[in-house]
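The values are calculated or read from the model by the stated rules, or taken from the named source; none is laboratory data. Here the structure is a predicted model, which means the values were calculated and not measured. Note that we place each Cβ from the backbone using ideal geometry, even for glycine, and neighbour counts take in every protein chain shown.
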Amino acid sequence: MRPRSTLPPARRPLALAATLALALSACQGEADDPAADDTATAGADEQADDDPADADDETADDADAEAAAADTIGDAEHAAEVAAGWLAEQLVDGQRMETEFDGDVFPDHGLTADAVLALASAGVGSEHIEDATDWLVAEAGAYTGSEFGMAAAGATAKLLLTLEAADRSDDVAELDLVTTLEAREQEEGRFTDEGDEDYSTTISQSLALLALERTGATEPSPAAVDYLLAQACDDGGFPQALQAVDAAGDECQSQADATGFAVQALVAVGEDDAAADAAGWLLEQQDDEGGFVGAEGVA
């Protein structure tokens, strides 16, 4: 089994996850450069030899920085626990999310999967993960469309990822989600829905790449990767709606949510340059409070 990506897929918070991915990548690059470590160590030793007092000051500064970093980590862990508690309260009957549309309330499989992925990525809420995943397993046929003789590529991919995150991949073995997803790839590399309507988007394309990279018996095809790459706008971001490979241009409008998904997929399949360009576009969209504004408000 391939190593799991450190970038958990979800729907609305993905723009933030993408920028964190870029920061982690940069940090990892520095950590992997022994020459840089040697240079820094040598410089510190030379300065310490020149002025012992300065060396003591630097030692104190380093200790303060380490303490601040520990406090930051502690704050982040506390914030994750608080956020998980709030998220768990949104689960109806402790097992599912619901959406109101046109005055009616419906169970929302996609948002429920998002909740599981968010809790799993934060490492909290194991009981809620179990209950929500139980509901998703029971609803797998309805969510993916197989119960109605259809196959939704995005839902199939997200369910694959969710079950993988919850360590429940074998619970819907009879549906053979990997084979179903692979069958939705068209000759040009686009993953489409099977049924009366095709709702595939940049997000579903990205989810398909992520799901096959992490859970499939084979890696995503070069055509599928190239199809996603071809969706990039001139500014580096990605639009919500998929376009014909040769249709990008002035009409291409980058969108934060779609770009966040695309960054994670591109990182997973090793397209680092395109991922960095897209993450750079996301950073430019970040507001002063740290949020990312999408087509429907904060992403």
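Is it fair to say Asp134 is charged (D, E, K, R), modelled with pLDDT of 95 or more and outside any strand (DSSP E or B)? Steps first, please.
On the way: charged (D, E, K, R): yes; modelled with pLDDT of 95 or more: yes; outside any strand (DSSP E or B): yes.
So Asp134 fits the description; yes.
Please work out which one of (1) over 23 Å from Gly145 (Cα atoms); (2) without any contact (Cβ under 8 Å) to a residue 60 or more places away in the chain is the condition Glu194 fails and give its number.
Just one mismatch for Glu194, condition (1).
Looking at segment 78-125 only, could you name the residues that are assigned to a strand (DSSP E or B) and either of a type outside the set (Asp, Glu) or in contact (Cβ under 8 Å) with a residue 60 or more places away in the chain (or both)? So that I can check it myself, show each step before the final result.
Of segment 78-125, the ones assigned to a strand (DSSP E or B) are 92, 96-101, 104-108.
Scanning segment 78-125 gives Val92, Arg96, Met97, Thr99, Phe101, Val105, Phe106, Pro107.
Tell me, please, whether a residue that is at pLDDT 95 or above, out of contact with any strand residue (DSSP E or B) (no Cβ under 7 Å at 6 or more places or on another chain) and within 16 Å of Gln95 (Cβ to Cβ) can be found in segment 150-160.
Within segment 150-160, one or more residues are at pLDDT 95 or above, out of contact with any strand residue (DSSP E or B) (no Cβ under 7 Å at 6 or more places or on another chain) and within 16 Å of Gln95 (Cβ to Cβ).
Could you tell me how many of the residues in segment 183-198 are out of contact with any Lys or Arg (no Cβ under 8 Å at 6 or more places or on another chain) and surrounded by fewer than 20 Cβ atoms within 10 Å (Cβ to Cβ)?
The number of residues fulfilling the criteria is 8.
For segment 159-181, state whether one or more residues are buried (at least 20 other Cβ atoms within 10 Å of the Cβ), among the hydrophobic types (A, V, I, L, M, F, W, C) and assigned to a loop (DSSP other than H, G, I, E, B).
yes
For segment 202-288, which helices (runs of 4 or more DSSP H) that fit wholly inside it have 2 or more residues that are under 20 Å from Gln186 (Cα atoms) and among the small types (Gly, Ala, Ser)?
On the way: elements: 202-215, 222-229, 256-268, 272-285.
Result: 202-215, 222-229, 256-268.
Can you name every residue in segment 182-201 that is farther than 20 Å from Ala113 by Cα, assigned to a loop (DSSP other than H, G, I, E, B) and either in contact with a Phe, Trp or Tyr (Cβ under 8 Å, 6 or more places away or on another chain) or acidic (Asp, Glu) (or both)?
Arg184, Glu187, Glu188, Gly189, Arg190, Gly195, Asp196, Glu197, Asp198
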